[in-house]
Amino acid sequence: MRLRWGLLSTARINRLIIPAVRASARSEVTTVASRALDRASAYAAEWKIPRARGSYEALVDDPDIDVIYIGLPNSLHVEWTVRALEAGKHVLCEKPLALSVDEVDAIQAACTRSSRVAAEAFMYRHHPLTHVVRDIVGSGRLGAIRAYKGAFTFALTREGDVRLDPALGGGSLWDVGCYPVSYSCLLADEAPVEVFGWQQASASGIDTEFSGMMRFADGSVAQFDSGFTGPFRAEMEVVGRDAALRIHRPFRTDDLSRLYLTRGDDVQTLPFLSEPAFAGEIADMEAVALDGVPPRVPLADSRRTVATIVALYRSAELRQPVTLA
């Protein structure tokens, strides 16, 4: 069996998803939808996609689609994820899956009603580099973990970008800060018990820069920053009592990604398997839909990330620490 994928929108991120789907033996991109048929048709011709639909509703209702990929602005993720699930489709939705815990719960309820699966598209979760990092942290080679440090910044210069619009769920923390937040929670294997955040806001009200701290129940602390105003930086570091692990370009892995283990004055470059960046999340959805395997990014993890980000924004607003329930 082959999964028939439909693309809900002609978003830029599709250019990375389409080759990954086509590279798999168990998937094919069959349909793309836009709010205007001429735009969808032009996009389908450009990318050699067999069918075009002139509305999102038409794609959701198409009986010849198995999985819908959603690359819409953040504020539209929940509505169209729920609608796709209720139409009997599995969903791979770009991060952040939702902008509130209640919205994640609504998606979970729709999954239960429809017997379909929705997964958040954190592609790094599926890459061999992340698997090696988790194995090392879990093995005790670093000693007791005391700190996580992360950064994801870049210069956003395109005027009118949806990430600059608060009504569409814009902001650097939602867009790129979610990566070090989710990565830290993944390695800690829990949500933080307390957070503190600072932000630099634009005239429109979105955070162009965000810095945060998260304290976990075991006493370890995560520090991170995200932003739209600086040079490209994508880093994570895990600091144990005995050694430290630094991950260069951990969030969207490529040929420049590296893994370094530091113990005293000795720095080792550690190996990991090479894999196309988005191949793993496509294979994961195939396993979900065709083999009945649970998704690697369960909704409980998405809920944890969203709850942490909401608390960080609340802390920045109040200018004081916020405790997570």
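The values are calculated or read from the model by the stated rules, or taken from the named source; none is laboratory data. Owing to the predicted nature of the structure, the values given are computational and were not obtained by experimental measurement. Neighbour counts run over all protein chains shown; Cβ positions are idealised from the backbone, glycine included. For accessibility, only protein heavy atoms count, side chains too; no ligands or nucleic acids. Shrake-Rupley method; radii C 1.70, N 1.55, O 1.52, S 1.80 Å.
Descriptive notes on the structure:
- Net lengthening on full extension, residue 229/residue 45 (0.36 nm per residue, minus Cα-Cα): 62.7 nm
- Peptides ranked, highest mean first, by Cβ atoms within 10 Å: ranges 304-311, 3-10, 45-52: 3-10, 304-311, 45-52
- Label zone at residue 260, where the point sits 7 Å out along the Cα-to-Cβ direction: the range 133-170 residues whose backbone N lies under 15 Å: 149-151
- Value of Rg/Rh across the chain [Cα atoms, Kirkwood radius]: 0.97
- To put it simply, the accessible area of the chain at a 1.4 Å probe is 50 percent carbon and sulfur.
- Surface analysis of the range 201-325 yields an accessible area of 49 Å² per residue, using protein heavy atoms and a 1.4 Å probe.
- Alpha carbon Rg of the range 122-179, scaled by the compact-globule rule 2.2 N^0.38 Å: 1.57
- Pairwise alpha-carbon distances in the range 1-50 exceed 14 Å for 46% of all pairs.
- Largest-first principal axis extents, alpha carbons of the range 191-309, Å: 45, 43, 33
- Computed with a 1.4 Å probe over protein heavy atoms only, the accessible surface of the range 41-133 comes to 35 Å² per residue.
- Calculated [222 nm] ellipticity per residue, helices only, for the chain: -10000 deg cm²/dmol; basis is -39500 (n - 2.57) per DSSP H run with n ≥ 4, divided by all residues, nearest 500.
- Compactness of the range 65-150 as Cα Rg over 2.2 N^0.38 Å, two decimals: 1.37
- Values of log10 I(q)/I(0) for the range 251-302 across q = 0.25, 0.26 Å⁻¹ run -0.97, -1.00, by the Debye formula with one identical scatterer at each alpha carbon and no solvent.
- Distance between the modelled labels on residue 23 and residue 101, one decimal in nanometres: 3.8 nm (7 Å Cα→Cβ projection).
- Under 24 Å from residue 149, Cα to Cα: lysines that are on another chain or at least 8 residues apart: 95
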